[in-house]
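Got a structure for you, written out below as structure tokens; questions coming shortly.
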């Protein structure tokens, strides 16, 4: 199941064509290959290799769980200046697998670096020596099962053999499909913009489904750009723009041990050198990066387990960002709000409940609530022209927008979530069986 | 639906007969009457009056929501030494009803106090004058609908006419049924104990179902005792013993604007005067009060919306009470844990996930996890003799106990919750329809 790609992609947007994921194509400096290592015991692709023949600058943000998967520990321990390959596998999270799981990462990194170094000698004029520390991993799937190190290692030669130096729509689709777990749709997004006079591309893929919460639970998001940007600027851009994108989504309030969003820059666009994140030449790039991140984050929510409706929760006029976010997630994570929306019931009492339990100071007389354009509560009172039939009609939409103005300041936060359906229970009660 | 009363009430307990709710009978100083005010548009009782002919000492704890229902505001504003009547209605929460809702409380309190004062003159040798401030309210039901003040006021004469000075099993059952919303079972509990040489009774009823979380969301709990205890001691006892009972349960992490647990003491047991909460004569009373509160709290969870399993989560060996509680509720509130249990899947990876996202510092090498008596994780490693088939068999029980030892100290916390089923979605997607 999973709902159709939400309306936010259609109509109003002038960039309709631009952000249609069919259009991802060649991004200079990046190669992609995929393979089935039989991890799902089917022929589906389950391991995806991203290869940067000249290396890529990079930055990552990771889960805030206090228990980290072994691949994330590996990534955090390497201090390479450039990444030459990102390897992503599904089906096994390599989490709670201990030292053995960590050594699996090391052993695969050694195999990849050795074989890619060999490829460099064959293909490049100035071959580089690639080291294990230049390899990064994304893992997703079940926690606590032995990591299939041999199955994956045996497929590395095939992954490398499959590498082509020109990418097309098909290979992006295969990559987006290859990193999926219970996702029902591949998730891709793209923007093009300029840095100074240079045209640059920003491409991204993601996976989501269960356990999606701020801090990107069970989310993998990978952004690729041909821009030339140093690691510290990539890090600042990613940290800043993750806040209102991947950290603004929630499906069930759970969070995994494996979440990561990374950006890789190949530098092939030959743009003007950027030394500061506040450089005005970065303005369009940052806007476009935010669009790609938000587009992917929304796709993750839209395809959240069992989702039948896409829900946007806008908290307005709060006295702090912190409070606005707290209220937005108190609503977005409330099972009672989410089931009411699944039932197409304009049950605004549950919004009040969720605002109340957020723990922030609320002045009822300043509180206003809208469902779409329908004003329900105005300054603490039920709007005299409020008509429940109209609101019930509104709830039949597949995109629901709830606005809550708390009237205590000028800070806003928008959270994105989905409804809570029987299908969610079905998927999660059967996950491993 | 709703599961059968969990096993904790059977076998092992020597007090089996004592805590069987059939045995609640007369409690001196208290009268109960019930009526249908047609709030549900059926003939079911929906308003319950508790009348203390000589007044009762009392104490209450309320929801921590920042938005309070009008009846709770009323209760908080009265500073009476004694309560003469507690009136509880279902179907309408009198929440987000503003000044009009508050005035409804005032007007009903005036009507009751007037009519009960009249009854005092008829029935008592030394009639007391009962004032509006001596009346307390419990409300539960839908938020934001106009409070049915007239419907209820019109039924006050019937409620008072129905008052009898001897109570029996039947009237307790009617009271417990009369305060229900989507509960499927009435909830009653009792204990008898001594204070000094005097035998005292502790009776209680509760309602629960949706929105149950620590801080007693949508829970109403009313405890009645014939002990003679002053207000301040009742308050201290209640606050202390609510922590590991009503504040240790969670169904969906939501919390209502209306929750309250109160205790009333009629003083008819003529026990020795108690001046301090640390008086040794209170020992058995406090133990028994805790039993009644825990018994009711467990019944609330056991009858949580859509529940098919009762889940006990023990967090052991934490370095603080605060962390132990945080971990316990991170597990108890996780939709992924609760759906796995609904699916009878011994998916301990989700326990790891929930421990990780609790935000407490965790040393994996100290972490141990048991399902029932089955040791799954021992000191950070999968137990070598762990057998998943055995664990899968265990998950078929209707009572599931999960123990997590974090091995960082000697503090423990036990939380109680239920599984997350399709039935929960059904109930909550249709609540108002």
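No lab work stands behind these numbers, since they all come straight from the coordinates. In this text the structure is predicted, and so the values were computed from the model without any measurement. Methodologically, a virtual Cβ is constructed for each residue, glycine included, from the backbone with ideal geometry; neighbour enumeration extends over all protein chains shown.
Relative to the longest principal axis of the C-alpha atoms of chain B, give the angle of the C-alpha long axis of helix B:283-302, reported between 0 and 90° and rounded to the nearest 10°.
Here the helix axis deviates by roughly 70 degrees.
Which whole-number percentage describes the relative contact order of chain A, with Cα contacts under 8 Å and a sequence gap of 6 or more? Let's see the in-between values first.
Details: 1023 pairs, mean separation 75.8, N = 433.
Across chain A, relative contact order equals 17 percent.
Continuing with this model, one more query. Which distances, in nm and shortest first, link the residue B:150 label point to the same label point in every other copy, taking 7 Å along Cα→Cβ?
8.1
While we're looking at this one, here's another question. Taking a point 7 Å out from Cα toward Cβ as the label site, list the nm distances between residue B:131 and the same residue in every other copy, smallest first.
8.2
Round to the nearest 10 and give me the degree value, 0 to 90, for the angle of helix A:98-123's Cα axis relative to the longest principal axis of chain A.
Here the helix axis deviates by roughly 60 degrees.
Return A:170, B:24 ranked ascending by Cβ neighbour count within 10 Å, so the fewest neighbours appear first.
A:170, B:24
Stokes-Einstein D for the range A:286-326 at 4 °C, 1.567 mPa s, Kirkwood Rh over Cα pairs, in µm²/s?
So the translational diffusion coefficient is about 106 µm²/s.
Could you give, in nm with one decimal, how far residue A:383 is from each other copy of that position, shortest first, with labels 7 Å out from Cα toward Cβ?
For residue A:383, the other copies' label points sit at 5.8 nm, shortest first.
How would A:142, A:63 line up from fewest to most surrounding beta-carbon atoms within 10 angstrom? Intermediate values should be presented prior to the final figure.
On the way: A:142 18, A:63 25.
Ascending Cβ contact count within 10 Å gives the list A:142, A:63.
Return one number: the angle in degrees, 0 to 90 and rounded to the nearest 10, between the long axis of the Cα atoms of helix A:169-178 and the longest principal axis of the Cα atoms of chain A.
Roughly 80 degrees between the two axes.
Run through all the Cα pairs of the protein assembly as shown and give the fraction in each 10 Å bin from 0, expressed as whole percent.
Spelled out bin by bin, the protein assembly as shown gives 2, 12, 21, 22, 18, 12, 7, 4, 2, 0, 0, 0 percent.
Going by how many other Cβ atoms sit within 10 Å of their own, how do A:394, B:62 line up, fewest first? All intermediate terms of the calculation are to be shown ahead of the outcome.
Working: A:394 16, B:62 19.
Ranking A:394, B:62 by Cβ neighbours within 10 Å, fewest first, gives A:394, B:62.
Using every pair of alpha-carbon atoms in chain A, split the distances into 20 Å bins beginning at 0 and state the percent of pairs per bin, rounded to integers.
Reading the bins upward from 0: 26, 54, 18, 1.
Mean residue ellipticity at 222 nm from the helices of the protein assembly as shown, using -39,500 (n - 2.57) per DSSP H segment of n ≥ 4 over the full residue count, to the nearest 500 deg cm²/dmol?
Calculated from helices alone, the mean residue ellipticity at 222 nm is -9500 deg cm²/dmol.
Looking only at the protein assembly as shown, where both bridge partners belong to it, what percent of the DSSP beta bridges are antiparallel (to the nearest 5)?
Looking only at bridges with both residues in the protein assembly as shown, the antiparallel portion is about 70 percent.
Among bridges DSSP assigns within chain B, what percent are antiparallel (round to 5)?
Once the DSSP bridges in chain B are tallied, antiparallel ones form about 70 percent.
I've got another one for you. At a threshold of 8 angstrom on Cα-Cα distance, excluding pairs fewer than six apart, so keeping six or more, what relative contact order does the range A:9-160 reach in percent?
26
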